[in-house]
1. Using only the heavy atoms of the protein chains and a 1.4 Å probe, how would ASP192, ASP52 rank by accessible area, largest first?
2. Excluding same-chain residues fewer than 8 positions from LYS227, which lysines have a Cα within less than 24 Å of its Cα?
3. Express the relative contact order of the chain as a whole percentage, based on alpha carbon pairs under 8 Å and six or more residues apart in sequence.
4. So what J values fall out for the stretch 102-107 if you push phi through Karplus, 6.51 cos²θ - 1.76 cosθ + 1.60 with θ = phi - 60°, rounded to Hz, Gly and Pro as x?
5. Ranked from the most accessible area to the least, with a 1.4 Å probe and all protein chains present, what is the order of HIS212, HIS85, HIS205?
6. Going by alpha carbons, how many degrees (0 to 90, nearest 10) lie between the helix axis of 213-224 and the longest principal axis of the chain?
7. With N residues in the chain, what two-decimal value do you get for its Cα radius of gyration over 2.2 N^0.38 Å?
8. How large is the convex hull of the Cα atoms of the stretch 1-126 per residue, expressed in Å³ as a whole number?
Amino acid sequence: MQNSLNKNALVFGGGSGIGWATARTMMDRGATVTIADVRRPAEHNHAARYIDCDVREAEQVCAAVRYATELAPLDWLIYSTGIQHYGSVVETPVEEYDLVQSINARGAFLACRSAIPQMRKGGAIVLVSSVQALACQEGVAAYAASKGTLEALTRAMAVDHAKDNIRVNAVLPGTVDTPMVRSSAEKFGGADGLEQKLQQWGENHPLGRVAHADEIANLIAFLLSDKASFITGASYRADGGLLAQLAVRL
Ligand code: BMA
């Protein structure tokens, strides 16, 4: 990875999970990082700038971009804001579908819409999608649809903004140890069975475990860096082999 000194990064959803791991990774590499989220990171001992931002609100998203670009144009934009609700299409209330879409996908549209005009040529964007954009569990209709939207948006923006020398890529994580996945594990395993559920989900991945958020952050850091200078419009899986394996075992 190139020296990130003087790089200006904005991380939507940087308060926890993959977003926080990415913010930390960028700071470790010398970048100036602004986190836009509804909650500050739990860790206090860090240098990130922070702004409250509900990604459902266009004005708050614009304010976050203004805050991040007070000092310099933006080099890197990461969209890692996400929630997960469960249910088939029939089971999902319309309001819940809209909520998942607006936080997981429409917010990415708003963030990119505000940020791209403020980005330096040579800048890069990474959207955090999911393997569920390509293959999914039962009962994740709204979530899977929102992640599929991110995939298509990635390609559309990559094509439109190649002329600005802005690269846009998506990452598709498998199961990652984050607060979002932990709350799903609690939902399905109960408070006592949470760790066991995480372990069981991990065993479904050929690598035999769930990912650490840092492992996804490392991929994001690579895609943002000049080492990935010919990569745009691409989707990279970091899923411990999950989608490489057929469910029909010998
Ligand atoms: C993620 C989340 C997790 C899930 C993983 C693999 O995006 O949906 O809850 O375990 O995909 O399917």
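The values are calculated or read from the model by the stated rules, or taken from the named source; none is laboratory data. As the structure is a computational prediction, the values presented were derived from the model and not from experiment. Cβ: placed from backbone, ideal geometry, glycine included. Neighbour counts: every protein chain shown. Heavy atoms of the whole protein, side chains included, go into the accessibility calculation; ligands, DNA and RNA do not. Shrake-Rupley method; radii C 1.70, N 1.55, O 1.52, S 1.80 Å.
1. On the way: ASP192 155, ASP52 100 Å².
Heavy-atom accessible area, descending, gives ASP192, ASP52.
2. Output for LYS227: LYS7, LYS121, LYS163.
3. Details: 509 pairs, mean separation 49.7, N = 250.
Relative CO of the chain lands at 20 percent.
4. For the stretch 102-107, the Karplus curve yields 6, 7, 7, 10, 4, x Hz.
5. Working: HIS212 110, HIS85 55, HIS205 10 Å².
Sorted descending by solvent-accessible area, the residues read HIS212, HIS85, HIS205.
6. It works out to around 40 degrees.
7. Working: Rg = 17.4 Å, N = 250, 2.2 N^0.38 = 17.9 Å.
So the chain has a normalised radius of gyration of 0.97.
8. Working: hull volume 13.6 nm³, N = 126.
Taking only Cα atoms, the stretch 1-126 has a hull volume of 108 Å³ per residue.
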